[in-house]
1. Within the stretch 2-32, how many residues turn out to be over 38 Å from the mean Cα position of the chain (by Cα) and either at positive phi or not basic (Lys, Arg) (or both)?
2. Could you pull out the residue among Val69, Val61 that is touching a Lys or Arg at 6+ places or on another chain (Cβ under 6 Å) and without any contact (Cβ under 8 Å) to a residue 60 or more places away in the chain?
3. Given (1) closer than 22 Å to Val69 by Cβ; (2) open to solvent by less than 100 Å² (accessible area, probe 1.4 Å); (3) assigned to a helix (DSSP H, G or I), where does Asn22 come up short, assuming only one miss?
4. For the stretch 32-47, does any single residue satisfy the condition of being at pLDDT 95 or above, among the aliphatic types (A, V, I, L, M) and either under 30 Å from Glu85 (Cβ atoms) or open to solvent by 100 Å² or more (accessible area, probe 1.4 Å) (or both)?
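The values are calculated or read from the model by the stated rules, or taken from the named source; none is laboratory data. Model, not experiment: these values are computed from the prediction. Note that each Cβ is placed from the backbone with ideal geometry, even for glycine, and that neighbours are counted across all protein chains shown. Surface accessibility is based on the protein's heavy atoms, side chains included, excluding ligands, DNA and RNA. Shrake-Rupley method; radii C 1.70, N 1.55, O 1.52, S 1.80 Å.
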Amino acid sequence: MKANKEDLNKYSEAIDRISEGNEAMIELFNELESDDPIIAFDQEVATNIERAKKKYGKDMVNAKINTVVREMLSWLDLEGVELNEEGTEE
């Protein structure tokens, strides 16, 4: 394929931009962290949560689940347990 100087400059700029974008994507990929759920609900519970959210709304269901979990956690002795920045025990 033949190209004049203007075309060569356009292709060169496009390749530079693609390279910059590729480098940015690689950097983002390398910074990804695993997003493990705090609680692993079994399939039946997860399905019922989705059904409840559909019927009552996400905010109401989240509030109810938080209330129940907060109460359950109040039964446990958690004093002296320190978490690191990732939220896991040190």
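1. Step one: list which residues in the stretch 2-32 are over 38 Å from the mean Cα position of the chain (by Cα), which gives 2-9.
Those still in the list that are either at positive phi or not basic (Lys, Arg) (or both) too: 3-4, 6-9.
Of the residues in the stretch 2-32, 6 are over 38 Å from the mean Cα position of the chain (by Cα) and either at positive phi or not basic (Lys, Arg) (or both).
2. Values: Val69 fails: touching a Lys or Arg at 6+ places or on another chain (Cβ under 6 Å).
After ruling out the rest, the residue left standing is Val61.
3. Condition (1) is where Asn22 drops out.
4. Yes; the residues of the stretch 32-47 include at least one that is at pLDDT 95 or above, among the aliphatic types (A, V, I, L, M) and either under 30 Å from Glu85 (Cβ atoms) or open to solvent by 100 Å² or more (accessible area, probe 1.4 Å) (or both).
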